[in-house]
1. With respect to Asn119, determine if the residue is without any contact (Cβ under 8 Å) to a residue 12 or more places away in the chain and either out of contact with any Lys or Arg (no Cβ under 7 Å at 6 or more places or on another chain) or closer than 16 Å to Asn149 by Cβ (or both).
2. Quick check: anything in region 7-24 open to solvent by less than 40 Å² (accessible area, probe 1.4 Å) and modelled with pLDDT of 95 or more?
3. Return only the number of the condition from (1) closer than 26 Å to Asp146 by Cα; (2) of a type outside the set (D, E, K, R); (3) at pLDDT 95 or above; (4) in contact with a helix residue (DSSP H, G or I) (Cβ under 7 Å, 6 or more places away or on another chain) that Asn63 does not satisfy.
4. Among Asn64, Asn107, which is polar (S, T, N, Q) and free of Cβ contacts under 8 Å to residues at least 24 places away in the same chain?
5. Looking at (1) free of Cβ contacts under 8 Å to residues at least 24 places away in the same chain; (2) under 26 Å from Ile84 (Cα atoms); (3) open to solvent by 90 Å² or more (accessible area, probe 1.4 Å); (4) of a type in the set (D, E, K, R), which one does Glu154 not meet, given that it meets all the others?
6. Out of all the residues in region 75-99, which are in contact (Cβ under 8 Å) with a residue 12 or more places away in the chain and assigned to a helix (DSSP H, G or I)?
7. Quick one: Ala70 ticks every box in (1) outside any strand (DSSP E or B); (2) open to solvent by less than 60 Å² (accessible area, probe 1.4 Å); (3) more than 21 Å from Lys38 (Cβ to Cβ) except a single one, so which number is it?
Amino acid sequence: MQFHYLKTLNIFYMLNSNSPQEKIIIYTDGACSGNPGKGGWGAVLMFKEHEKKISGGNKETTNNQMDIQAVIEALKIIKKSSEIIINTDSKYVMNGITKWINGWKKNGWRTADRKPVKNSELWQELDAEAKRHKIEWRWVKGHSGDKFNDIADELAREGIKKIK
């Protein structure tokens, strides 16, 4: 997997946002050229006046995998437990992490009809990263003119272009 950090601000490695006014705002998106095919992910992290943009990709992946990976990579940037608002245009990510994951864990990473959960390794990694923080999950409509969702989408598409 290749990672491309477009703008580096060390603030995300050091911060600890404990008050509600100091939440980290994250927008994430994934993209795929072919499904499966080359894929990219992108994220914008914002804290006070600071902004960090990250992107990366994978040669053989799916759009859903890139949507999950975008959130994982954004959370990895934040080293201390923080209050975070994550904005995603993926209902798959939103429902997976807020509704379905507890049932999957209870069922040994199997769905209600006893089939293996798709992308379970990514879901487990996301679950581990998310546990370190207090997260408010928000769904935003994709391609609707939301400035930061559009930036995350652009970063995801750039991630695809960088795959060799």
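1. Here the answer is no, as Asn119 does not meet what is asked.
2. Checking region 7-24: at least one residue is open to solvent by less than 40 Å² (accessible area, probe 1.4 Å) and modelled with pLDDT of 95 or more.
3. Among (1) closer than 26 Å to Asp146 by Cα; (2) of a type outside the set (D, E, K, R); (3) at pLDDT 95 or above; (4) in contact with a helix residue (DSSP H, G or I) (Cβ under 7 Å, 6 or more places away or on another chain), Asn63 violates only (4).
4. Asn107
5. Glu154 satisfies all of (1) free of Cβ contacts under 8 Å to residues at least 24 places away in the same chain; (2) under 26 Å from Ile84 (Cα atoms); (3) open to solvent by 90 Å² or more (accessible area, probe 1.4 Å); (4) of a type in the set (D, E, K, R) except (1).
6. Leu75, Lys76, Ile77, Lys91, Tyr92, Val93, Met94, Gly96, Ile97, Thr98 - these are the residues of region 75-99 that are in contact (Cβ under 8 Å) with a residue 12 or more places away in the chain and assigned to a helix (DSSP H, G or I).
7. Ala70 satisfies every listed condition except (3).
Here's the yes/no breakdown for (1) at pLDDT 95 or above; (2) surrounded by fewer than 21 Cβ atoms within 10 Å (Cβ to Cβ):
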site: Ala74; (1), (2): yes, no
site: Lys79; (1), (2): no, yes
site: Ile101; (1), (2): yes, yes
site: Asp113; (1), (2): no, yes
site: Pro116; (1), (2): yes, yes
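The values are calculated or read from the model by the stated rules, or taken from the named source; none is laboratory data. Being a predicted model, the structure only gives us computed values, none of them experimental. Neighbour counts are summed over all protein chains in view; Cβ atoms, including those assigned to glycine, are modelled from backbone coordinates with ideal geometry. When the accessible area is computed, the model is the full protein with side chains, heavy atoms only, and any ligands, DNA or RNA have been set aside. Shrake-Rupley method; radii C 1.70, N 1.55, O 1.52, S 1.80 Å.
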